[in-house]
Amino acid sequence: MLNFAPGSRAVIRDEEWLIRRIDPSADGGWLLTCDGISDLVRGQSALFLTALEDTIEVLDPAKTALVPDASPTYNAAILYLESLRRRSVANDENIHLGHRGVMNLVPYQLDPALQALK
């Protein structure tokens, strides 16, 4: 029985993961595409076959403890939200400028783009 959905948080192999996608697998189970949440796996993506995992514990969102932000002017919450915003990829019809990214701009890097635009 399918007891998880995209967006669910689950504990798999003693680490916390965010389930991003669920696909049926050939063995009758499910293939879970997950993003790491806990410290050891944060920023990592992984695939899990439910038929091969001993336990997959889906966390109940109603039991999530909310922690107040005690930093001055809510700096910790603002930094967290800003980091999530910067990690997301724009998926609209607008043109987004890459020169405002976090990188050192070197003129030779622009030559291929200029050639392509000509």
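Give the residues of region 1-37 that are small (Gly, Ala, Ser) and surrounded by 12 or more Cβ atoms within 10 Å (Cβ to Cβ), sorted by residue number. Answer for region 1-37, where residues must be small (Gly, Ala, Ser) and surrounded by 12 or more Cβ atoms within 10 Å (Cβ to Cβ): 8, 10, 25, 29, 36.
Scanning region 21-57 for residues that are in contact (Cβ under 8 Å) with a residue 24 or more places away in the chain, under 28 Å from residue 87 (Cα atoms) and of a type in the set (D, E, K, R) gives a single hit, 57.
For first residues located in region 58-87 and within 28 Å of residue 6 (Cβ to Cβ), partners that are of a type in the set (Asp, Glu) and not in a helix (DSSP H, G or I) and lie 6+ apart or on another chain with Cβ distances below 6 Å form the pairs 76/69; 77/69.
FYI, it's all coordinate maths here, none of it is from the lab. Computed from a predicted model, the values in this text were never measured in an experiment. Backbone-built Cβ (ideal geometry, glycine too); neighbour counts: all protein chains shown.
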